[in-house]
Amino acid sequence: MVGLTLGVAGSSLAAEELPVNPFGIDDPLIGRLAPALEVEAWFNSRGFSLEELRGKVVVLEFFQLWCPGCNAFSIPLMTRWSQDTFADEPGIAFVSVHTVFEGHDVQTNDRLSRFLIAKNMRQPVAVDRHRGRDPVPVTMQRYKTGGTPCIVIVDQQGMVRFKYLGAFTPEPVEAFLRQLLQATSPMVEVAS
């Protein structure tokens, strides 16, 4: 086996030592460059691209305001992670994506605005863009979430490292996030 060495500033981590996604999930998106977000509106932010977040670990939450699993699991989890567990960690960004694939007349941006205040959601929230008459929004299709809630973790190089639909035990994922935060960026040689 050929070992890839990663490192910066005198530290290194062999590729086989990189953190492994905690549930051994086999998803075709894992190990691939994270698809771009297609956003129609932003809340709690001026807006940005995932490319602008390179160098940080990014936790994406795909949710709907009327989703029971989102209200019971992912929304409180993202709030806890962003405002408590990882609040002092500059190397991580939390982004929620309101990805409405049903109940379009009910899950409006006006209602979402009030919902974010009521739920104390302070992280950036992107509203997934719809194209034409397709009820499933663009970013949701790109990430093939299959529903909500879905959590996706993107590493510092923009690669998807974790994707999970539904609720999970948070502690192994928190440990995984800490490992990703400690991982170094790949060394890149630039030809002169």
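Here, each number is a calculation from the coordinates, and none is a lab measurement. All values derive from a computational prediction rather than experimental measurement. When we count neighbours, we look across all protein chains shown, and the Cβ atoms used for this are built from the backbone with ideal geometry, even at glycine.
What cysteines in the chain have no other cysteine with a beta carbon less than 4.7 Å from their beta carbon?
C150
Give me the angle, in degrees from 0 to 90, between the Cα long axis of helix 170-182 and the longest principal axis of the Cα atoms of the chain, rounded to the nearest 10.
So the helix axis and the longest Cα principal axis differ by about 50 degrees.
Report, in deg cm²/dmol and to the nearest 500, the calculated mean residue ellipticity at 222 nm for the chain, where each DSSP H run with n ≥ 4 adds -39500 (n - 2.57) and the sum is divided by the residue count.
My calculation for the chain gives -5000 deg cm²/dmol from helical runs alone.
About its Cα centre, how strong a charge dipole does the range 12-151 have in debye, to the nearest 20, once Lys and Arg get +1 and Asp and Glu get -1 at the Cβ?
Charge dipole, the range 12-151, about its Cα centre: 400 debye, nearest 20.
Relative to the longest principal Cα axis of the chain, at what angle does helix 109-118 sit, 0 to 90 degrees, rounded to 10?
70 degrees
Considering the dipole of the chain built from charges on the beta carbon (Lys and Arg +1, Asp and Glu -1) around the Cα centre, which of G146, P22, F168 is farthest to its positive end?
Selected residue: G146.
Which value in nm describes the separation of the simple spin-label points at F23 and V136, placed 7 Å from the Cα toward the beta carbon?
Distance between label points: 1.9 nm.
Find me the longest stretch of the chain that has none of the exposed trypsin sites (Lys or Arg not before Pro), where exposed means in a DSSP loop (not H, G, I, E or B) with at most 10 other Cβ atoms within 10 Å.
47-130
Taking the DSSP beta bridges in the chain as the whole, what percent of them are antiparallel, to the nearest 5?
Restricted to the chain, the bridges split so that about 65 percent are antiparallel.
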